[in-house]
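Peer 1: Quick one: this structure, given as structure tokens, is what I'll be asking you about.
The values are calculated or read from the model by the stated rules, or taken from the named source; none is laboratory data. Computed from a predicted structure; not experimentally measured. With ideal geometry, Cβ positions are generated from the backbone for all residues, glycine too; neighbour counts draw on all protein chains shown. All accessible areas refer to the heavy atoms of the entire protein, side chains included, with ligands and DNA or RNA removed. Shrake-Rupley method; radii C 1.70, N 1.55, O 1.52, S 1.80 Å.
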Amino acid sequence: MDYDEFFADKVAALKTEGRYRVFADLERDAGKFPAAINYQGDEIADVTVWCSNDYLGMGQSTVVMDAMHQAIDKCGAGAGGTRNISGTNHYHVLLEQELAKLHKKEAGLIFTSGYVANLTTLSTIGQMLPDCVIISDALNHNSMIAGIKHSRSEKMIFKHNDLEDLERKLKKVNSHQPKMIAFESVYSMDGDISPIKEICDLAEKYNALTFLDEVHAVGLYGNHGAGVAERDGIMDRIDIIQGTMAKGFGVVGGYIAGSASLCDFIRSYGDGFIFSSSMPPAVAAGCLASVKYVKEHNELREQHQERASTLKQRLSDIGIPVMPTETHIVPVIVGDPVLCKQASDELMFNHGIYVQPINYPTVPRGTERLRFTPTPLHNDELMDHLVKALKKVWGQLGLKEAA
């Protein structure tokens, strides 16, 4: 077998379908977000980033950068090992304590990414709880799906945010059998929110653990940025909260927060935690500074929501088909992978606007989209430019307008 030919053919198939992913070669300009430099072969161009998950711009904050510089000067670059073998730096301990406080839980545990946090926690619980059944929302993130698959436990999938279907699934499980409901708060592609309270009601009724992914909500919702569960006053009803430091907090890394026994269990048995080198101390220091700052600055969340609401309204006013959402996510439907890429390219190369096309398998076929994520740093001038550019590109490509 010609292995390289096989690999090349599989990539060619993606290109034929119009869903081959091209990475934008960017250089973020420290302190000037959302401005960036785009490397285009031998050329460079200034662009405005409109699709970053650095939702509050904290990755460019001097508070965060100063903390990271100080930690590098104090501790050096790497942590030096896994958490068990010389790699637990004091910044790791302080960060875990701060995350536990944020979510009002007994303990926290950090991972190298949110993906690893989901994969490790779900797989470890599913593997080790005897006869465990994991009941998962149909639109859960790939990392949650991977964790459930890796657990090799029995799984059930309930229709997205469908409480009646969830209860039907719960009723099918033996009342004495361990079970866990895995779901997200904010679903990042459609921008909708799960009925957390009602899911907790069902969990209590059927004696199920709750595992809530707040990745696209931490930093952004609640008076202290602990997420939608904090906003709705029900954090205490969630058994396991999973989050990230790579989005609302602007750095990198994932975590869980829960009971001391739960976190110690994952720390002691979770392969993805045990066998991964620790995050660099400077990263942990930056995360710590960001969590502390964002926790005390609710005006950032208010500005963030205003920018998202304003952009939705302005795009709707000119006939751009914005999916209705109750969150900061602004999805604009194109519905075709080739046209979605063309629209993205037109915006990038002719208008200096970077928004990545989102195609299958991230979203279902026929719902290809441009996903905008305005931040408090996207001012009116930048929004004016985006609205005018989108109107022009929509006309050039003959894209469908809102009804």
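Peer 1: Please identify the pairs in which a residue from region 123-152 that is closer than 15 Å to THR362 by Cα has its Cβ atom under 6 Å from the Cβ atom of a residue that is surrounded by fewer than 20 Cβ atoms within 10 Å (Cβ to Cβ), counting only partners at least 6 apart or on another chain.
Peer 2: Listed by first residue and then by second, the contacts come to ALA138/ILE157; ALA138/LYS159; ALA138/HIS160; LEU139/HIS160.
Peer 1: Out of (1) open to solvent by less than 30 Å² (accessible area, probe 1.4 Å); (2) aliphatic (A, V, I, L, M); (3) closer than 24 Å to ILE358 by Cβ, what's the single condition that is false for ALA138?
Peer 2: It is condition (1) that ALA138 fails.
Peer 1: Follow-up question, since we're still on this one. When the residues of region 312-355 are filtered to those that are open to solvent by 40 Å² or more (accessible area, probe 1.4 Å) and basic (Lys, Arg), which remaining residue is nearest to GLU43 (Cα to Cα)?
Peer 2: LYS341
Peer 1: If we keep just the residues of region 79-107 that are free of Cβ contacts under 8 Å to residues at least 60 places away in the same chain and of a type in the set (S, T, N, Q), which is surrounded by the fewest Cβ atoms within 10 Å (Cβ to Cβ)?
Peer 2: Among those that are free of Cβ contacts under 8 Å to residues at least 60 places away in the same chain and of a type in the set (S, T, N, Q), it is SER86.
Peer 1: Then there is this: Run down GLY78, GLY108 and say which single residue is modelled with pLDDT of 95 or more and under 21 Å from the mean Cα position of the chain (by Cα). Write out each step before concluding.
Peer 2: Details: GLY78 fails: under 21 Å from the mean Cα position of the chain (by Cα).
Step by step, each of GLY78, GLY108 is checked, and only GLY108 is modelled with pLDDT of 95 or more and under 21 Å from the mean Cα position of the chain (by Cα).
Peer 1: Would you be able to say whether some residue in region 380-387 is under 21 Å from ASN142 (Cβ atoms) and buried (at least 21 other Cβ atoms within 10 Å of the Cβ)? Even if it seems obvious, please write down each step before you answer.
Peer 2: Of the residues in region 380-387, the ones under 21 Å from ASN142 (Cβ atoms) are none.
Within region 380-387 (the criterion being under 21 Å from ASN142 (Cβ atoms) and buried (at least 21 other Cβ atoms within 10 Å of the Cβ)), the answer is no, since none of the residues qualifies.
Peer 1: How many residues, within region 157-189, are of a type in the set (Phe, Trp, Tyr) and closer than 20 Å to MET235 by Cα? First the steps, then the outcome.
Peer 2: Here is the first cut: in region 157-189, the residues of a type in the set (Phe, Trp, Tyr) are 158, 183, 187.
Restricting the remaining residues to those that are closer than 20 Å to MET235 by Cα gives 183, 187.
Of the residues in region 157-189, 2 are of a type in the set (Phe, Trp, Tyr) and closer than 20 Å to MET235 by Cα.
Peer 1: Follow-up question, since we're still on this one. In region 11-44, what residues are touching a strand residue (DSSP E or B) at 6+ places or on another chain (Cβ under 6 Å), open to solvent by 90 Å² or more (accessible area, probe 1.4 Å) and not aliphatic (A, V, I, L, M)?
Peer 2: Correct list: ARG28 only.
Conditions (1) under 25 Å from ARG19 (Cβ atoms); (2) outside any helix (DSSP H, G or I), marked per residue:
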{"site": "ARG301", "(1), (2)": "no, no"}
{"site": "PHE349", "(1), (2)": "yes, no"}
{"site": "PRO361", "(1), (2)": "yes, yes"}
{"site": "GLY366", "(1), (2)": "yes, yes"}
{"site": "LEU370", "(1), (2)": "yes, yes"}
{"site": "THR375", "(1), (2)": "no, yes"}
{"site": "VAL387", "(1), (2)": "no, no"}
{"site": "LYS391", "(1), (2)": "no, no"}
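Peer 1: Tell me, which helices (runs of 4 or more DSSP H) lie completely within region 204-277 with 1 or more residues that are open to solvent by less than 10 Å² (accessible area, probe 1.4 Å) and either over 16 Å from LEU102 (Cβ atoms) or modelled with pLDDT of 95 or more (or both)? Don't jump to the end; show me each part of the working.
Peer 2: Numbers: elements: 228-231, 260-269, 271-274.
Those helices (runs of 4 or more DSSP H) span 228-231, 260-269.
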